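Trainee: My structure is below; once you've seen it, I'll send some questions.
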Amino acid sequence: KPLGVALVGLGKYSTGQLAPALQQTKLCRLAGIVTGTPAKAAQWKQQYNLPDANIYNYQTFDRIADNPAIDIVYVVLPVALHAEYVERAARAGKHVICEKPMATSAEDCRRMIAAMQKAGKKFSIGYRLHFEPHHQEMMRLGQTQSFGPITHLAADNGFRFNNDTPWRVSKQLAGGGPLMDMGIYCVQGVIYTKGQLPVSVTAKFAPKTNPTLFREVEEGMSWQMQFADGAVADCRTSYGENLSSRLRAEAANGWLELEPAFGYGGIAGRTRQGAMSLPNVPQQARQMDDFADCVLTNKPTRVPGEMGLRDVQLLSAIYRAAETGQKVSTKDVVAVLDKM
Ligand code: NAD
């Protein structure tokens, strides 16, 4: 019997991606919802045929502990709320998936990891691209040094933000701007292609063309990640302009790249030897089925809370580098590497 998933927060990502993906999963299914909006509860109840017993609001959420139909809680709220809901789900004794970025501070990440450990339940971050064939191919080619050691990487990810989700430009709710939301994919892509963590970072904020909208958070950012062997990665993110969505690595004997790289579909890749002929797959369905498989077979997830902590630590280091204009060491970042 497929595991029951409850989505917490029925915004754009839950509505447009996760709920439809849960109609395609094999090992888990949409069994419940947590929402503060009664009209959404009514609509989802009808559309997905949900029993009243599996519909919660933010006040009644903790009663999910007594509901055996819900195995997995998936937290899809603004970033600053992730910690509270992961901790409450842990106390309710549920397995948890938490959206990216994991939290607005490393301290929150550590509390979340500790709560999940105490609960003895599985915990993963909503890193969908780890389950996407082109990204898996970048990991394989990069980490096995198919074209020799990688010497240079480049990654861009950004879009023109139209304020449809105002929490994204609230420092308090989002923790930061496009670096937290979109730049995180560049940080991840670079690390799993290189197969190493950087030793330091430098960074620069982009000028603000819309200081009213970007009053609290950066409008854009460019940064560099430096590796122990001298390799460097040049990255860029923005909420002010549509950047190309791209991940590229140059090695001693060739190159590999994805463009478009980071979307929900339409990913295309090529290497010096030609196009990657790989399929586009339903990423979120694969990601959630992999997590359900980890729960069912007691396997470790490839995208654990510790990886979420690592990335939040790296994002903090990049902010510190931009704020100080100095090179910032990343030696204290938790040493989690991506497995293929
Ligand atoms: P959204 O604004 O569309 O949805 C957020 C939901 O949280 C809304 O339904 C809102 O009502 C609810 N909410 C509860 N308390 C709130 C509060 N105090 N302030 C604001 N909203 C509140 O945002 P989204 O795009 O669905 O993003 C939700 C999460 O999913 C974020 O963590 C985001 O980073 C993540 N996300 C991940 C991906 C991915 O590809 N993995 C894509 C999009 C979003």
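The values are calculated or read from the model by the stated rules, or taken from the named source; none is laboratory data. Every value quoted in this text rests on a predicted model; they were computed, and no experiment measured them. Every residue, glycine as well, gets a Cβ built from its backbone with ideal geometry; the counts of neighbours run over all protein chains shown.
Trainee: Only one of these conditions is not met by ALA21: (1) among the small types (Gly, Ala, Ser); (2) farther than 18 Å from LEU81 by Cα; (3) surrounded by fewer than 19 Cβ atoms within 10 Å (Cβ to Cβ). Which number is it?
Mentor: (3)
Trainee: Collect the residues in region 265-287 that are within 14 Å of the ligand (Cβ to nearest atom), closer than 20 Å to ASN157 by Cβ and surrounded by 15 or more Cβ atoms within 10 Å (Cβ to Cβ), keeping them in residue-number order.
Mentor: Answer for region 265-287, where residues must be within 14 Å of the ligand (Cβ to nearest atom), closer than 20 Å to ASN157 by Cβ and surrounded by 15 or more Cβ atoms within 10 Å (Cβ to Cβ): ILE267, GLN283, GLN284, GLN287.
Trainee: Which one is nearest to LEU247 (Cα to Cα), of the residues in region 149-159 that are surrounded by fewer than 23 Cβ atoms within 10 Å (Cβ to Cβ) and more than 16 Å from the ligand (Cβ to nearest atom)?
Mentor: Top of the filtered list is ALA154.
Trainee: A follow-up question, please. Given (1) within 13 Å of the ligand (Cβ to nearest atom); (2) over 16 Å from GLU99 (Cα atoms); (3) polar (S, T, N, Q), where does GLN17 come up short, assuming only one miss?
Mentor: Here GLN17 clears every test but (2).
Trainee: While we're on this one: Does region 258-268 include one or more residues that are farther than 30 Å from ALA21 by Cα, touching a strand residue (DSSP E or B) at 6+ places or on another chain (Cβ under 8 Å) and touching a residue at least 40 places away in the same chain (Cβ under 8 Å)?
Mentor: Checked region 258-268: no residue is farther than 30 Å from ALA21 by Cα, touching a strand residue (DSSP E or B) at 6+ places or on another chain (Cβ under 8 Å) and touching a residue at least 40 places away in the same chain (Cβ under 8 Å).
Trainee: Give region 250-264 a look and list any residue that's within 23 Å of ASN157 (Cβ to Cβ), in a strand (DSSP E or B) and more than 16 Å from the ligand (Cβ to nearest atom), or say none.
Mentor: Scanning region 250-264 gives GLU250, ALA251, TRP255, LEU256, GLU257.
Trainee: State all residues of region 108-148 that are crowded, with 21+ Cβ neighbours inside 10 Å, in a loop (DSSP other than H, G, I, E, B) and more than 16 Å from the ligand (Cβ to nearest atom); if no residue qualifies, say none.
Mentor: Passing the criteria: only LYS122.
Trainee: In region 19-78, which residues are more than 22 Å from the chain's Cα centre (by Cα) and of a type in the set (A, V, I, L, M)?
Mentor: ALA31, ALA39, ALA41, ALA42, LEU50, ALA53, ILE55, ILE64, ALA65, ALA69, ILE70, listed by residue number.
Trainee: Given the options ALA83, ALA69, ALA65, name the one that is assigned by TED's automatic domain parsing to the domain that holds TYR13, surrounded by 19 or more Cβ atoms within 10 Å (Cβ to Cβ) and among the small types (Gly, Ala, Ser).
Mentor: Step by step, each of ALA83, ALA69, ALA65 is checked, and only ALA83 is assigned by TED's automatic domain parsing to the domain that holds TYR13, surrounded by 19 or more Cβ atoms within 10 Å (Cβ to Cβ) and among the small types (Gly, Ala, Ser).
Trainee: Turning to a different aspect of this structure: Being more than 10 Å from the ligand (Cβ to nearest atom) and either under 16 Å from SER105 (Cα atoms) or buried (at least 18 other Cβ atoms within 10 Å of the Cβ) (or both) is the filter here, so list the residues in region 160-174 that pass it.
Mentor: Within region 160-174, PHE161, VAL169, LYS171 meet the criteria.
Trainee: Only residues that are in contact with a strand residue (DSSP E or B) (Cβ under 8 Å, 6 or more places away or on another chain) and more than 16 Å from the ligand (Cβ to nearest atom): list them for region 73-107, please.
Mentor: Scanning region 73-107 gives ALA90, ALA92, LYS94, HIS95.
Trainee: State which residue is farthest from ILE150 (Cα to Cα) when the search covers only region 205-221 and only residues that are part of a strand (DSSP E or B) and in contact with a Ser or Thr (Cβ under 8 Å, 6 or more places away or on another chain).
Mentor: Restricting to residues being part of a strand (DSSP E or B) and in contact with a Ser or Thr (Cβ under 8 Å, 6 or more places away or on another chain), the top hit is GLY220.
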